[in-house]
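> Quick one: this structure, given as C-alpha cells, is what I'll be asking you about.
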C-alpha cells in the first residue's frame, strides 16, 4: 500500500518514511505544501499523513481542497498544536484523524491500521486468490500450504496484484503503486519482478494452474 507524507520538518518526515518502509509500505514524501498537494491530487494513495503548518499551502487548505475535489483518501493530520479548537478545525476540514506532536511511531502506526481497516477501504489483512494467500500483517505468503519467501518489493508487487485480482494492470499502473514517485523505474524493471514472482509462486507448483498471466499489449493479470 502507498502512503504520502506531507511534512516540512525533514527529520520527522524522514523518520516516518523509514519506519513505514520497514512495515512494507511504499512511501512518498513532500517537504512543502504546494508539492504535497500536487502529489495528493495527481497520484493515487491509500492514506495521507498531513502536517497542519507547512511552507506554501497549509494542511487545512490542502485537506479542504482534496475533499472539495471528492478525494476520499484517509488523512491523518499532524500538528504541534494540541488545543481542542485546532483539532476541531482539522477534523472539520475533512481529516479522518488527528495526532499531536510529539507522538510515538507505534501510535501513528496503530492509527494508520485503524483507518485502513474502515469498511469504505475494503482492505483486508488476509488476501486469498485461488490457493495463494498473503498476510500483510505478518508479511507471509503461502501457496498450497508452502511458505514463499519474498523480498520487500516482490511482496508489495504481489499484494497489489492480489488486491486487484482478475483485473489487467498496465506496467504504468504497477510502477505508480509499487514504486515511489521519484524512483527512476523503467518498464522492463516490472518485467524483471514479474518474472521473479513467477519463479516463486508459479514455477515450483507444477501441478497447479499458473496464476500470473501476461496480457499481450496491455499488462498483467493475477487469477
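The values are calculated or read from the model by the stated rules, or taken from the named source; none is laboratory data. In this text, all values refer to a predicted model and were calculated from it rather than measured experimentally. In this analysis, Cβ positions are derived from the backbone assuming ideal geometry, glycine residues included, and neighbour counts consider all displayed protein chains.
> In the stretch 203-223, which residues are under 15 Å from residue 190 (Cβ atoms) and surrounded by 11 or more Cβ atoms within 10 Å (Cβ to Cβ)?
Passing the criteria: 212, 213, 214, 215, 218, 219, 220, 221, 222.
> Would the stretch 24-47 turn up any residue that is in contact with a helix residue (DSSP H, G or I) (Cβ under 8 Å, 6 or more places away or on another chain), in a strand (DSSP E or B), within 17 Å of residue 181 (Cβ to Cβ) and free of Cβ contacts under 8 Å to residues at least 60 places away in the same chain?
Yes, because at least one residue in the stretch 24-47 is in contact with a helix residue (DSSP H, G or I) (Cβ under 8 Å, 6 or more places away or on another chain), in a strand (DSSP E or B), within 17 Å of residue 181 (Cβ to Cβ) and free of Cβ contacts under 8 Å to residues at least 60 places away in the same chain.
> Kindly indicate which of 81, 87 is modelled with pLDDT under 85 and not in a loop (DSSP other than H, G, I, E, B).
None of the other options fit; the residue is 87.
> Pairs needed: first member in the stretch 128-149, on the phi < 0 side of the Ramachandran plot; second member anywhere, part of a loop (DSSP other than H, G, I, E, B) and loosely packed, with under 11 Cβ neighbours inside 10 Å; C-beta distance under 9 Å; at least 6 residues apart or different chains.
129/166; 131/145; 141/149
> Among the listed residues 197, 169, which satisfies the condition of being under 17 Å from residue 132 (Cα atoms), touching a residue at least 40 places away in the same chain (Cβ under 8 Å) and in contact with a helix residue (DSSP H, G or I) (Cβ under 9 Å, 6 or more places away or on another chain)?
Residue meeting the stated conditions: 197.
> Right, next: What pairs can you find where one residue is in the stretch 89-110 and assigned by TED's automatic domain parsing to the domain that holds residue 16, the other is in a loop (DSSP other than H, G, I, E, B) and surrounded by fewer than 18 Cβ atoms within 10 Å (Cβ to Cβ), and their Cβ atoms are less than 6 Å apart, with a gap of 6+ or different chains?
Note: pairs meeting the criteria are 100/82; 101/80.
> Inside the stretch 1-19, can you point out the residues that are in contact with a helix residue (DSSP H, G or I) (Cβ under 8 Å, 6 or more places away or on another chain) and either in a helix (DSSP H, G or I) or crowded, with 19+ Cβ neighbours inside 10 Å (or both)?
1, 2, 3, 4, 5, 6, 7, 15, 16, 19
> Just checking, does the stretch 174-190 include any residue being at positive phi, surrounded by fewer than 18 Cβ atoms within 10 Å (Cβ to Cβ) and outside the structural domain of residue 29 (by TED's automatic domain parsing)?
no
> Please tell me if residue 198 is outside the structural domain of residue 21 (by TED's automatic domain parsing), farther than 21 Å from residue 45 by Cβ and either surrounded by fewer than 17 Cβ atoms within 10 Å (Cβ to Cβ) or at pLDDT below 95 (or both).
Against the criterion (outside the structural domain of residue 21 (by TED's automatic domain parsing), farther than 21 Å from residue 45 by Cβ and either surrounded by fewer than 17 Cβ atoms within 10 Å (Cβ to Cβ) or at pLDDT below 95 (or both)), residue 198 qualifies.
> Test residue 213 against the stated conditions and say whether it is over 29 Å from residue 19 (Cα atoms), in a strand (DSSP E or B) and free of Cβ contacts under 8 Å to residues at least 40 places away in the same chain.
Values: over 29 Å from residue 19 (Cα atoms): yes; in a strand (DSSP E or B): yes; free of Cβ contacts under 8 Å to residues at least 40 places away in the same chain: yes.
Against the criterion (over 29 Å from residue 19 (Cα atoms), in a strand (DSSP E or B) and free of Cβ contacts under 8 Å to residues at least 40 places away in the same chain), residue 213 qualifies.
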